[in-house]
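The values are calculated or read from the model by the stated rules, or taken from the named source; none is laboratory data. From a predicted model like this one, the values you see are computed outputs, not experimental measurements. As a convention, Cβ positions derive from the backbone with ideal geometry for all residues, glycine included, and neighbour counts pool all protein chains shown.
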Amino acid sequence: MDKIISSFIDSVIEQKKLQFSKNETDFDNLLFEKNILKIENDKISIIDYHLISSQFLDKYIEKFDFKISKEFQVNVDFINKIKKDFLTNGYVHDYHILEKEIWKLVTKESNSKFNCSFNDYLSSVSLDKKPEGLFSFIDAYSNLLPELDLTDVIIFDNALILTEITKSDAQYNIPLGNVLNGIKNKCKSNYDLGLELLKKSFSVNEEKESIISAIVSGLYENKKIEFYDSILKDLIQKGNKLNSIFFGLSNVSKIEITECDLYIEIIKKYIKKDSLVISILSLIFSILKSNNTKYHKFCFKELESAIENEKTAYYILNNLDQLNNYSQQKTKIVIKLINQNYFSIDKYINPINNVFWHLKEFESFKKIVLSIIENKPFENFIKSFQSYLHTVDKIELDKFTIELLTDNQASKRNIGIDIFNQLSSYSPYKFTFNILELSHILQYKLWMSLTQDFHEPKNRLVALLPLIDSNSDLIKESFICKLEEISEDYGGHVTNVIDNNLDKDIPEYTNVIERVKNYIEDYYAKNIDLKNSVPELNPYHTHYKFIKAFDESFSKNMSKSVGKGARENSLLSILGTSTVQLSKGGGWRFGAKKEISQLGKVGTSFTMPRGYFINPNKFELEKGFLVRQDWKDEEFLEIKTFLEDE
């Protein structure tokens, strides 16, 4: 078997790749039978990198006539040399997996053969200029720590250096997590050494107290409740480093009923202490993540109470995100958060969105949206849920959107519009739900809501066109009349929408199209064409100074943006510092020997309503007032009566 693997490694090094086409190689079948290689999608790839890494390393040791050294920096340079050689032809898929195994082999051999402590290597690291491969070593060291022959003094000293190297403001600090996990596993495998580390760790400053937590976790996992009764209980009573101890207990891997009983006792005793509130919450979430449901009701009640303290909000939201099931309880806590005076959309909408990314129950989403509308009316927040909107049932989403759009409360209609805009951000949206199944009064309210604020016809009217088929003549006629009214502002844009979305083979649709076209022609003849010859009545003349001022301002700001871009590391810096030759056919190239690239064109535009140019301030005030004005049932009594009489 060794010879077969050796032959395979020769091919890997010769071809400098880790994936092969099924037809280009003829590897021994035993490699597949032993699950060392696999064939998938006509590609041969490696499954067991751990098995092949040893021979891969040996062949490079022979190739470069190298010997593992007691000076670890020499070994690091050798690993980097292997990487440079193997990646000569560029990126190699999955090399990072093989490289991890190489780091483990070299790290372990350095320690077992030369008693390397790695302390000199770590002490030499400059925090401002971290060397290549450092984090690969940290990963290998952390994984191997339980197997390495190191004293408690060296492990502790290395831990202090590693926590400094991996320090980061990132929410999820994976390198530091690996370091702490390595310490935890070392203490779990060697209880006596762990106790020595625990003694030393109580001298660390607050920034490095995570080391204490890792040690506590590992020691508890080794002796369980015996460690608590014999050591930890006394330390807790002394009141020193309590946050670190509680975080350590919360990170114990397997929580049984004994741990739940212990944690509940601690929670009840310390939950009111503000300085310990986050570490106590970590114990609460540890219980909730366990399979022991005895105390789950108690824990959720404590979370509901804790969310009143702004200090806890982020921590609770981030951990709710990681908690499986319990959608009803999660929703209740989030609503409690939204009802707090400290709640703001800017600060908390993204963490709330993260909770819902895993919480697919649409009813919960509806409750949260309605709660935010109630507490923060007219503040738009739906954009944060854009990805979520595309994961839910379209019929349910349409029903909820229509429910908001047709509500008498203006703040609800505002969010209904916001949802509709998000759904139509890439192309005109069409309801999956059949809007003709709505009651006639809701059909009427729907077209009122979607046409109340000014917006391009293509983005709003496509969804409403089915109303032309309403079995209520009043709804049909009122909607067509609205099309005519909108055409006063948008002209041919309205006819384009109905032309492109109605079947012209159906006479009724043809009549609608012709009717709107005739209305536009008649309206423009009476109100617009007549005034074109009078400059004082033409908005393009009366507002010329505003248009000119905007154009000058835009050009000036664009010039500044281009200048800034040219000074920075961007495509504009290339364009600004290179000679660009324009060639025949409208192409361009950098230098005489470069290939010609065709010029492209990127542009965007949007249509403004004609009425806006007549009196912009009046237009915006009127529209703004309409969309923020609540409807009253009395306003629809007459239309309801007509609909009932049909």
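Table: residues versus (1) at pLDDT 90 or above; (2) closer than 20 Å to Val92 by Cβ; (3) out of contact with any Gly (no Cβ under 6 Å at 6 or more places or on another chain).
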| site | (1), (2), (3) |
| --- | --- |
| Lys16 | yes, yes, yes |
| Phe20 | no, yes, yes |
| Glu33 | no, no, yes |
| Ile52 | yes, yes, yes |
| Gln73 | yes, no, yes |
Considering each of Lys84, Lys104 in turn, give the residue that is in contact with a His (Cβ under 9 Å, 6 or more places away or on another chain) and in a helix (DSSP H, G or I).
Lys104
Residues that are part of a loop (DSSP other than H, G, I, E, B) and in contact with an Asp or Glu (Cβ under 7 Å, 6 or more places away or on another chain), drawn from the stretch 116-126
none
Give the stretch 256-273 a look and list any residue that's closer than 17 Å to His296 by Cβ and either exposed (fewer than 12 other Cβ atoms within 10 Å of the Cβ) or touching an Asp or Glu at 6+ places or on another chain (Cβ under 6 Å) (or both), or say none.
Glu265
Which members of the stretch 229-265 meet the condition of being in contact with a helix residue (DSSP H, G or I) (Cβ under 8 Å, 6 or more places away or on another chain) and either over 21 Å from Lys188 (Cβ atoms) or aromatic (Phe, Trp, Tyr) (or both)?
Leu242, Asn243, Phe246, Phe247, Tyr263, Ile264
Within the bounds of the stretch 221-234, is there any residue that is at pLDDT 95 or above, in contact with a Leu (Cβ under 6 Å, 6 or more places away or on another chain) and surrounded by 18 or more Cβ atoms within 10 Å (Cβ to Cβ)?
yes
Checked pairs for the stretch 254-275, first over 17 Å from Lys223 (Cβ atoms), second among the charged types (D, E, K, R) and assigned to a helix (DSSP H, G or I), C-beta under 9 Å and 6 or more apart or across chains, list as Ile267/Glu302; Ile271/Glu302; Asp274/Lys311
Of all residues being basic (Lys, Arg) and within 21 Å of the chain's Cα centre (by Cα) in the stretch 331-365, which is nearest to Asn309 (Cα to Cα)? Just the residue, please.
Lys347
Among the residues of the stretch 390-399, how many are surrounded by fewer than 16 Cβ atoms within 10 Å (Cβ to Cβ) and assigned to a helix (DSSP H, G or I)?
3
Whichever residue in the stretch 16-59 is under 18 Å from Leu105 (Cα atoms) and of a type in the set (Gly, Ala, Ser) and, among such residues, is nearest to the chain's Cα centre (by Cα):
Ser53
What do you reckon, is Ser253 within 17 Å of Ala214 (Cα to Cα), among the polar types (S, T, N, Q) and either crowded, with 20+ Cβ neighbours inside 10 Å or touching a Gly at 6+ places or on another chain (Cβ under 7 Å) (or both)?
no
Which pairs do you get when a residue that is at negative phi, found in the stretch 283-306, comes within reach of a residue that is of a type in the set (S, T, N, Q) and not in a loop (DSSP other than H, G, I, E, B), reach meaning Cβ atoms under 6 angstrom, with the pair 6+ apart or on two chains?
Leu283/Ser250; Phe285/Asn319; Ser286/Ser250; Phe300/Gln329; Ala306/Thr312
In the stretch 235-250, the residues that are among the basic types (Lys, Arg) and surrounded by fewer than 17 Cβ atoms within 10 Å (Cβ to Cβ)
Lys238
Is it the case that some residue within the stretch 297-317 is under 28 Å from Phe246 (Cα atoms), at pLDDT 95 or above, surrounded by 17 or more Cβ atoms within 10 Å (Cβ to Cβ) and within 16 Å of the chain's Cα centre (by Cα)?
yes
Given the conditions (1) free of Cβ contacts under 8 Å to residues at least 40 places away in the same chain; (2) touching a helix residue (DSSP H, G or I) at 6+ places or on another chain (Cβ under 6 Å), and given that Asp169 satisfies all but one, which numbered condition is not satisfied?
(2)
Of all residues in the stretch 1-50 being touching a residue at least 40 places away in the same chain (Cβ under 8 Å) and of a type in the set (Lys, Arg), the one that is nearest to Lys81 (Cα to Cα)
Lys16
Complete set of residues in the stretch 161-220 that are hydrophobic (A, V, I, L, M, F, W, C), surrounded by fewer than 23 Cβ atoms within 10 Å (Cβ to Cβ) and under 19 Å from Leu127 (Cβ atoms):
Ile161, Ile165, Ala170, Ile174, Leu176, Val204
Out of everything in the stretch 609-629 that is over 37 Å from the mean Cα position of the chain (by Cα) and polar (S, T, N, Q), what residue ends up being modelled with the lowest pLDDT?
Asn615
Evaluate the stretch 497-505: report whether one residue or more is under 20 Å from Asp522 (Cβ atoms), in contact (Cβ under 8 Å) with a residue 40 or more places away in the chain and either out of contact with any Lys or Arg (no Cβ under 9 Å at 6 or more places or on another chain) or outside any loop (DSSP other than H, G, I, E, B) (or both).
yes
Extreme residue, surrounded by the fewest Cβ atoms within 10 Å (Cβ to Cβ), among residues of the stretch 411-437 that are within 14 Å of Thr451 (Cα to Cα) and of a type in the set (A, V, I, L, M, F, W, C):
Ile417
Quick one: which residue in Lys200, Lys186 is assigned to a helix (DSSP H, G or I), touching a residue at least 12 places away in the same chain (Cβ under 8 Å) and touching a Leu at 6+ places or on another chain (Cβ under 9 Å)?
Lys186
Selection status of Glu109, surrounded by 15 or more Cβ atoms within 10 Å (Cβ to Cβ), among the acidic types (Asp, Glu) and either within 20 Å of His50 (Cα to Cα) or in contact with a Ser or Thr (Cβ under 8 Å, 6 or more places away or on another chain) (or both)
no
Quick one: which of Phe64, Phe72, Phe56 is farther than 19 Å from Ile97 by Cβ and surrounded by 13 or more Cβ atoms within 10 Å (Cβ to Cβ)?
Phe72
Considering (1) modelled with pLDDT under 95; (2) assigned to a helix (DSSP H, G or I), say which one Asp192 fails and leave the rest.
(1)
